[in-house]
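Worksheet: one structure, shown below.
What follows draws every value from the coordinates through simple rules; no lab data is involved. All of these numbers come straight from a predicted model, not from anything done at the bench. Cβ atoms come from the backbone with ideal geometry, glycine included; neighbour counts cover every protein chain shown.
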Amino acid sequence: MKARTFLISVVGGVVVAVGVYLANQHFASPSLTVPKQSSEPLPSGGRGNGARSERAVVNQDQILAPAFDSNKALEKFISLKDRAAKGDAASQRELAELYGLCIPVNTNSEHYLASYEAIAKQAKTPANAEGLRRAAKAAVNECSVVDNGAIIPIEARELWLAQAAKNGDLAAQAQIYLTSNQRPQGEQLKGFMDRVVNSRDPNAVFEMGQLVAGNVDSGDVGAYTNVASDKLSGYAWSIAACRMGLACGTGSEIMNSACLNTSGCSSTDFESFVRDNLVSAGDAALLNSKVQEVSAFLPMKE
């Protein structure tokens, strides 16, 4: 599981996570292997995504692990960090996302669990409460092997994400655009959307949804005009990514992040989560239309 940013109605989880981190940021930061900073612009062409993300296409029946295996988790983390250090862009983004998840967890795991326990007690349904507890515990388990459970400086996430973007990972580039003061518009946005579509990378398509959801005015983006701005268009891109084969079911990284960030933990997959919690009945038909339009640009899973 890795940290994800959702442009949706965020409650408890994010506030708690940020609070835990800020309250303890005076602690000494451990020595971590991070890439050098670069002032070079984001790549403007080519797929350049290196190896495909391990999470990209997953059999939904394999998502729920029976129990936490610390040795296996440690081996997986060491392998991820090794691939990132060797320059694999997708692994660099995954490492950045993992650090993002573990910044608040490793600062104080007991406080992290206690905070989510307090939120779970206020949950609207038993399913949401149990989902919160399960997702929080999964995060603590996973982060226990990340740099041996050491406190992680926020710069570790930022630098690895920047390196992944520099090396051509489109999902990382979308995440950086998402927090930029100058988001791409017009021809620049159209060019980026072309690269995402041509990459056929579900991770990049999902992050495109996050980027599009925050757009107020996309400018002239040609064929993408109807799905280049507003939250419904953003949901459509992310739903399309799930339909391409991205792991979006119960227990997936995406659903755990949605659960922790919104306390909405009872849906069976991301599309159901969006339809159950974020889209009104009156907008359902428009969402369907936008999903169809986005899907027409992309290869769907058989």
According to the square roots a ≥ b ≥ c of the eigenvalues of the Cα gyration tensor, what is the shape class of region 211-302, taking rounded for a/c under 1.5, prolate for a/b larger than b/c otherwise, and oblate for the remainder? prolate
So for each of 158-169, 72-83, 107-118 I average, over its residues, the number of other beta carbons within 10 Å; can you give me the resulting order with the highest mean first? 158-169, 107-118, 72-83
Modelling each spin label as a point 7 Å along the Cα-to-Cβ direction, I'd like the LEU286/GLU110 distance in nm, to one decimal. 5.0
Amide H of ASN215 versus every other amide H placed in the peptide plane: which residues, excluding those fewer than 5 positions away on the same chain, fall under 5 Å? ASP230
Going by a ≥ b ≥ c, the root eigenvalues of the Cα gyration tensor, does region 243-291 fall in the rounded group (a/c under 1.5), the prolate group (a/b larger than b/c) or the oblate group? oblate
Computed on Cα atoms, Rg of region 121-206 relative to 2.2 N^0.38 Å comes out at 1.49
Rank-order 242-250, 97-105 by packing density, defined as the average count of other C-beta atoms within 10 Å over each peptide's residues, highest first. 97-105, 242-250
